[in-house]
1. Can you tell me how many residues in the stretch 319-335 are open to solvent by less than 10 Å² (accessible area, probe 1.4 Å) and assigned to a loop (DSSP other than H, G, I, E, B)?
2. Would you say residue 261 is among the aliphatic types (A, V, I, L, M), part of a loop (DSSP other than H, G, I, E, B) and either modelled with pLDDT of 95 or more or open to solvent by 20 Å² or more (accessible area, probe 1.4 Å) (or both)?
3. For residues that are among the aliphatic types (A, V, I, L, M), in contact (Cβ under 8 Å) with a residue 40 or more places away in the chain and part of a loop (DSSP other than H, G, I, E, B), scanning just the stretch 211-256, find the one that is surrounded by the most Cβ atoms within 10 Å (Cβ to Cβ).
4. So residue 123 fits all but one of (1) in contact with a Pro (Cβ under 7 Å, 6 or more places away or on another chain); (2) open to solvent by 10 Å² or more (accessible area, probe 1.4 Å); what number is the exception?
5. Can you give me the number of residues within the stretch 278-294 that are surrounded by fewer than 19 Cβ atoms within 10 Å (Cβ to Cβ) and either free of Cβ contacts under 8 Å to residues at least 40 places away in the same chain or not in a loop (DSSP other than H, G, I, E, B) (or both)?
6. Among the candidates 253, 226, single out the residue that is more than 19 Å from the chain's Cα centre (by Cα) and either modelled with pLDDT under 95 or under 26 Å from residue 115 (Cβ atoms) (or both).
7. Show the residue pairs that are 6+ apart or on different chains and have beta-carbon atoms under 9 Å apart, the first residue being within the stretch 66-94 and polar (S, T, N, Q), the second being in a strand (DSSP E or B).
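The values are calculated or read from the model by the stated rules, or taken from the named source; none is laboratory data. Given the structure is predicted, the values throughout are model-derived calculations rather than measurements. Cβ coordinates were reconstructed from backbone atoms using ideal geometry, including for glycine residues, and neighbour counts include every protein chain displayed. In case anyone asks, the SASA skips ligands and DNA or RNA and just uses the protein heavy atoms, side chains included. Shrake-Rupley method; radii C 1.70, N 1.55, O 1.52, S 1.80 Å.
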Amino acid sequence: MGFSCKTLLCSVPIVVLVLMQEASAGRYYHNVTGLSSRKQVGGCNLFQGQWVFDPSYPFYDSSGCPFIDAEFDCLKHGRPDKQYLMYAWKPDGCNLPRFDGASFLAKWRGKKIMFVGDSLSLNMWESMACMIHASVPNSKTTFVRKTPLSFVIFEDYGVTVNLYRTPYLVDIVRESVGDVLDLGSINGGNAWEGMDVLIFNSWHWWIHQGESQGWDFIRDGSALYKDMDRLQAFSKGLTTWGNWVDTTVDPAKTKVFFQGISPTHYEGREWNQPKKNCYGELEPLSGPTYPAGAPPAASIVNEVLGSMKKPVFLLDITTLSQLRKDAHPSTYSSNHTGNDCSHWCLPGLPDTWNQLLYAALVM
């Protein structure tokens, strides 16, 4: 089943299926098949709005979820404040439906869901597993953590929530010169086939350098480079992924999402606090906009999705996540030697990402 207006949300006028933003024109569309055929579905964009305090949050307690990595469990590692747990995303002009794990499992009984990408996909996958588990705490589960494939099976419903770790989506290939990031190769895609829902993510590893860089050389066709412009490399790699989706995925059987670009908060000047990073931040930015604007990688995602033939739903989480400078683990994680302003506490912001995913899948 694709994302056609007839099959998903046209009966619910307050919610709009938002697939992509054309930054220059500010228009939002419900498919990605040709610019001329796109049309606005309604008056509400799920990804434009602001954060509001809501004491009914969070969805779960980290101590009661068996799936959270220590690096995301901020309360366990001494975070003293809890206000960051109690913010809800409020789109302009409509209400975001609250996540209902039991309803989700019933609708997707017997189905397979897979998150594909880096540690931000891990963040979102663990959030999804915890949100479902909180709704059906007595449901039998099978939990397996391996590399590259991990999964949680909710046995009573036959629902499998998978994670496939691959930070670039394209392959790292071992060649005589060392580890090569091949911008044209996706052999890992075989593991993604047969899923009912795919949620992809990539960006953060594309800008790693030094010891944290995952490759020695970059291959672009027959050419081998010691390095290249990282945005250009990301564009080429994501285009390869887009071609994989276009040639492999059957929209009648598989829904495809792109998670969007998750921001970092290491540079306080981005929100007009020059000497700060995320450490000690206690509340979101007010209002609907982020002073620094969207990161360049977001426009690459828009360009690639706009050129694809198959429908892909863009979870356009960048701006709403940029506003959450308070939601990172910072020093409150298992990594006591650093200040993590890249990942997100659980419970926390990734729960909202999954709430947006839920709106698209269940409504």
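1. Of the residues in that region, 7 qualify.
2. Numbers: among the aliphatic types (A, V, I, L, M): yes; part of a loop (DSSP other than H, G, I, E, B): yes; either modelled with pLDDT of 95 or more or open to solvent by 20 Å² or more (accessible area, probe 1.4 Å) (or both): yes.
Criteria met by residue 261.
3. 249
4. Condition not satisfied by residue 123: (2).
5. The qualifying residues number 4.
6. Just one listed residue meets the conditions, 253.
7. Once the first residue is polar (S, T, N, Q) and sits in the stretch 66-94, its partners that are in a strand (DSSP E or B) give 83/53.
This table checks each residue for (1) part of a loop (DSSP other than H, G, I, E, B); (2) on the phi > 0 side of the Ramachandran plot; (3) at pLDDT 90 or above; (4) open to solvent by less than 20 Å² (accessible area, probe 1.4 Å).
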position	(1), (2), (3), (4)
39	yes, no, no, no
55	yes, no, yes, no
93	yes, yes, no, no
110	yes, yes, yes, no
127	no, no, yes, yes
